[in-house]
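What follows is a set of notes on a single structure, which appears directly below.
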Amino acid sequence: MRLPALRAALLLSAACASQSILAHDHAVLRGRLLFADHEKPVVRVLDLDSGEVTHSFAVPKANPGFAGIEGGRFVAIKTGDEAGTVRILDSGLSYEAHGDHVDVEKGPVRLTDLLLTGERPAHVISGHGQLAVFFDGIRPWEGKSSAKALLVAIDDLGKARPAITEWPSPGPQHGIVVPLGARRWLTSVPNPAYVRGDDRKASSRPDGFEIQQQDKGAWRRLASFNDPAKADASCKLYHGHAAAGGRHVFGCAEGEGGGMLVLSRDKGRFSARKLAYPDERRISAIKARAGAKFMVANYGKAAPYDALLRVDPAAQSLSASDVLPVPGGQPACQFELSGNGKRLANLTPDGKLRIYEIAPAWKELASFEAVPAFDCQYGARTPTPSLAVIGGNAFVSDPLNGRIREYSLDSLKQGLDLPVEGKPANLAGSDAG
């Protein structure tokens, strides 16, 4: 690291620590940030207190995908190898809430020995103390497929040999398994036309779900939301899921019978309803934070999605005021909610990071020239910056210039600007929220 940048980083950390000492009689540690390299098969750990890269781990391919896991200690790494391996990184971080702040304890960082493998790893979902990794399976016309989900208790991820439960999918699908607690799981139902494989235009996205209970290796269906004749009991071309406040929201197709499927449970009974889109567009990805009233999704007719949609899962309807067009008609690209869910960071292809207030109305609060302009289309060969939010701070990787930058969602000021080795791309932050 260059000395001036390191000195500035340490001065900023010291200033933050001084403020924390005055407020809490001790310095509140900031944690760690995981980042991949666009060109080299390695993931690195950046210590946000010292500004130094403290750990490096070899992986099979450059720029693997990350998924945060409930609790903030572990991060799933989709390595991209031929075996479809998902590894688990133990960040060593633990958290203790104290009302006005959260204390961070730093333990050892390690890449665990756990290997979760399967055909085409995709959605990684965690909740209620459980982790579910879904493997889509290969296309049916390419051969026999073995789509499945592997389920592991989060508290067991650090063990040498954690117990793993397998849920066998009825067929290949770009599906999902969602932990619901009490050994109950929501499982997606594959599209029969896709499973047959005789129509290569059939979508791999599922159209419905089932609630299942798992007990001693047996699976028992408790409820079904897989009736295409009923709008409130199906989710055509599902993609996008988030959960908060006891409600699960799933993105379904636009048009007649479309909208978002809102699943909730009352006194042990599961029920669902449709929340219509404000117009003829749909969502594809949705983000939520515990305790926040609103979720936020990308929104459009098809990729690239060029708007953001504010979603209140308890609302009876949404309106045009919930829609935020992305400036310049750009793709929404990358977006993340602050830890309290009140503000949103949005990184767009023009290289700008915009900070928005979500309620009572969409309002742009700040805009930063974060990185050079880039291509955020899926499969782009050029280096793609990444966005991660930890609490009230947004972090942006700049692969072209080899830097990671920080922006406060509260003070609306830039913080750290650190040079790092290689071309930092995908980011993942450990976050107790």
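The values are calculated or read from the model by the stated rules, or taken from the named source; none is laboratory data. Nothing here was measured: the structure is a model prediction, and the numbers come from that model. All Cβ positions, glycine included, derive from the backbone under ideal geometry; neighbour counts span all protein chains shown. Surface areas here come from the heavy atoms of the whole protein model, side chains and all, with no ligands, DNA or RNA. Shrake-Rupley method; radii C 1.70, N 1.55, O 1.52, S 1.80 Å.
Read through the list (1) within 29 Å of D49 (Cβ to Cβ); (2) crowded, with 16+ Cβ neighbours inside 10 Å, then give the number of the only condition that D207 fails.
Result: D207 passes all but (1).
How about the stretch 73-122: which strands (runs of 3 or more DSSP E) wholly inside it have at least 1 residues that are of a type in the set (G, A, S) and within 19 Å of A160 (Cβ to Cβ)?
Result: 74-78.
Can you tell me which residue in the stretch 415-433 is most open to solvent (accessible area, probe 1.4 Å), limited to those that are more than 20 Å from A76 (Cα to Cα) and assigned to a loop (DSSP other than H, G, I, E, B)?
Here the residue is E421.
Looking at the stretch 153-180, which of the residues that are touching a helix residue (DSSP H, G or I) at 6+ places or on another chain (Cβ under 7 Å) and farther than 21 Å from G240 by Cα is most open to solvent (accessible area, probe 1.4 Å)?
For the stretch 153-180, the residue satisfying everything is A163.
Which one is surrounded by the fewest Cβ atoms within 10 Å (Cβ to Cβ) among residues in the stretch 73-122 that are among the small types (G, A, S), more than 21 Å from the chain's Cα centre (by Cα) and at pLDDT below 95?
Residue satisfying both the conditions and the ranking: G99.
How many of the residues making up the stretch 359-393 are in contact (Cβ under 8 Å) with a residue 60 or more places away in the chain, open to solvent by 50 Å² or more (accessible area, probe 1.4 Å) and outside any loop (DSSP other than H, G, I, E, B)?
Of the residues in that region, 0 qualify.
Identify the residue in the stretch 346-358 that is assigned to a loop (DSSP other than H, G, I, E, B) and not β-branched (V, I, T) and, among all such residues, is most open to solvent (accessible area, probe 1.4 Å).
Looking at residues that are assigned to a loop (DSSP other than H, G, I, E, B) and not β-branched (V, I, T), I get D350.
Name, by its number, the condition in (1) modelled with pLDDT under 95; (2) closer than 21 Å to L222 by Cα; (3) among the aliphatic types (A, V, I, L, M) that does not hold for A160.
The number of the failed condition is (2).
When the residues of the stretch 219-267 are narrowed to those that are hydrophobic (A, V, I, L, M, F, W, C) and open to solvent by 60 Å² or more (accessible area, probe 1.4 Å), which ends up nearest to A303 (Cα to Cα)?
Among residues in the stretch 219-267 that are hydrophobic (A, V, I, L, M, F, W, C) and open to solvent by 60 Å² or more (accessible area, probe 1.4 Å), the one nearest to A303 (Cα to Cα) is A229.
For the stretch 300-325: of the residues being free of Cβ contacts under 8 Å to residues at least 60 places away in the same chain, part of a loop (DSSP other than H, G, I, E, B) and touching a Pro at 6+ places or on another chain (Cβ under 9 Å), which is nearest to R282 (Cα to Cα)?
Top of the filtered list is Y305.
Within the stretch 270-289, take every residue that is touching a residue at least 40 places away in the same chain (Cβ under 8 Å) and closer than 23 Å to A182 by Cβ and give me the one that is surrounded by the most Cβ atoms within 10 Å (Cβ to Cβ).
A288
Looking at the stretch 40-72, which of its residues are under 21 Å from G379 (Cα atoms) and either part of a loop (DSSP other than H, G, I, E, B) or aliphatic (A, V, I, L, M) (or both)?
Those that are under 21 Å from G379 (Cα atoms) and either part of a loop (DSSP other than H, G, I, E, B) or aliphatic (A, V, I, L, M) (or both): K40, P41, V42, V43, V59, P60, K61, A62, N63, P64, A67.
Considering the stretch 404-414 alone, what residues qualify as being surrounded by fewer than 20 Cβ atoms within 10 Å (Cβ to Cβ) and either in a strand (DSSP E or B) or among the small types (G, A, S) (or both)?
Listed by number, the residues that qualify are S408, S411, Q414.
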